[in-house]
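Enquirer: This is the structure I want to talk about, given as structure tokens.
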Amino acid sequence: TGAAAYIAVQGDNLRLGTNNAENLRINSGGIIEMGTAIGDSGYDSNMRLRLGRTGDCNLSIRANGSTSAHTGIDFGDDDSPRMGRIAYFHNGNYMTFHTNGTNGTSNERVRITSGGNVNIGGDYTQTSYKLSVNGSAMFKHTEADIWLTSTGGGDTTWRILGSTGGSTHQFRIY
């Protein structure tokens with residue numbers, strides 16, 4: 001009596017289930033499928049881990065028993081196990097994005113702080129500004145306008161307008 005759990009081999013597939021329903025499948029190509037992703041044809045063969053659920057579907061990566069650890073995803077190849085990384089640091093509640101790592105290290109390029117501030121390019125101690133860029137930045141559009149608005153004590157707006165008029169380049173600050 002009760003819920004039936006099973007492990008079965010069907011053709012080249014290993015199937016695991018509970019409550020008489022398949023929950024996990026490992027197919028002959030080594031692809032792992034869970035939930036509504038099982039047998040779904042809407043995936044590329046390079047997608048080796050497939051999760052599916054009717055409605056919201058989340059993947060949880062958790063550092064149990066620690067509030068000072070970090071969790072993350074590493075992207076590697078034969079030359080380096082950590083060419084790129086997305087990490088969340090629980091001791092400061094911030095997320096980092098890394099690229100071009102070598103031999104187990106990675107280079108932090110972007111940090112999002114617990115307050116939602118974004119730091120790009122190396123000055124990761126900055127916590128006062130919503131966006132901090134350490135290095136050059138480019139804003140590209142037909143007319144690349146930058147609006148700066150102060151909301152403290154008498155809203156003041158500055159507009160930096162960069163546009164081209166034929167062969168004439170214009171730069172104005174309002």
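Enquirer: Subtracting the Cα-Cα distance from 0.36 nm times the residue separation, let me have the gained length for residue 51 to residue 100 in nm, one decimal.
Expert: On the way: separation 49, 0.36 × 49 = 17.64 nm, distance 2.82 nm.
Contour length minus Cα-Cα distance gives 14.8 nm.
Enquirer: Taking a probe of 1.4 Å, how large is the accessible area per residue of region 1-118, in Å²?
Expert: Result: 67 Å² per residue.
Enquirer: Also, I was wondering about something else. Enumerate by residue number the trypsin sites (Lys or Arg not before Pro) in region 37-123 meeting two conditions: DSSP loop (anything except H, G, I, E, B), and at most 12 other Cβ atoms within 10 Å of the site's Cβ.
Expert: 48, 53, 62
Enquirer: Show me the ranking of peptides 6-13, 39-46 by mean Cβ neighbours inside 10 Å, starting with the highest.
Expert: Working: 6-13: 10.2, 39-46: 8.4.
So the order, starting with the most tightly packed, is 6-13, 39-46.
Enquirer: Calculate, in nm to one decimal, what residue 117 and residue 138 gain on full extension: separation in residues at 0.36 nm each, minus their alpha carbon distance.
Expert: My answer for the length gained is 5.7 nm.
Enquirer: Now, a different point. Based on the Cβ-Cβ distance from residue 36 to residue 10, what FRET efficiency comes out when R0 is 22 Å, to the nearest 0.05? Mind showing how you got there, number by number?
Expert: Numbers: r = 18 Å, r/R0 = 0.83.
In this case the efficiency is close to 0.75.
Enquirer: Please report the accessible area of residue 136 (heavy atoms, 1.4 Å probe, ligands and nucleic acids excluded) in Å², nearest 10.
Expert: The accessible area of residue 136 comes to roughly 120 Å².
Enquirer: Ranked from the most accessible area to the least, with a 1.4 Å probe and all protein chains present, what is the order of 89, 75, 97, 139?
Expert: Descending accessible area places them as 139, 75, 97, 89.
Enquirer: Turning to a different aspect of this structure: Find how much the distance from residue 160 to residue 26 grows on full extension, using 0.36 nm per residue of separation minus their present alpha carbon separation; answer in nm with one decimal.
Expert: Extra length available between residue 160 and residue 26 comes to 42.6 nm.
The values are calculated or read from the model by the stated rules, or taken from the named source; none is laboratory data. Just so we're clear, the structure is a prediction, and the values are computed from it rather than from any experiment. Positions of Cβ are generated from backbone atoms using ideal geometry, with glycine treated the same way; all protein chains shown enter the neighbour counts. Surface accessibility is based on the protein's heavy atoms, side chains included, excluding ligands, DNA and RNA. Shrake-Rupley method; radii C 1.70, N 1.55, O 1.52, S 1.80 Å.
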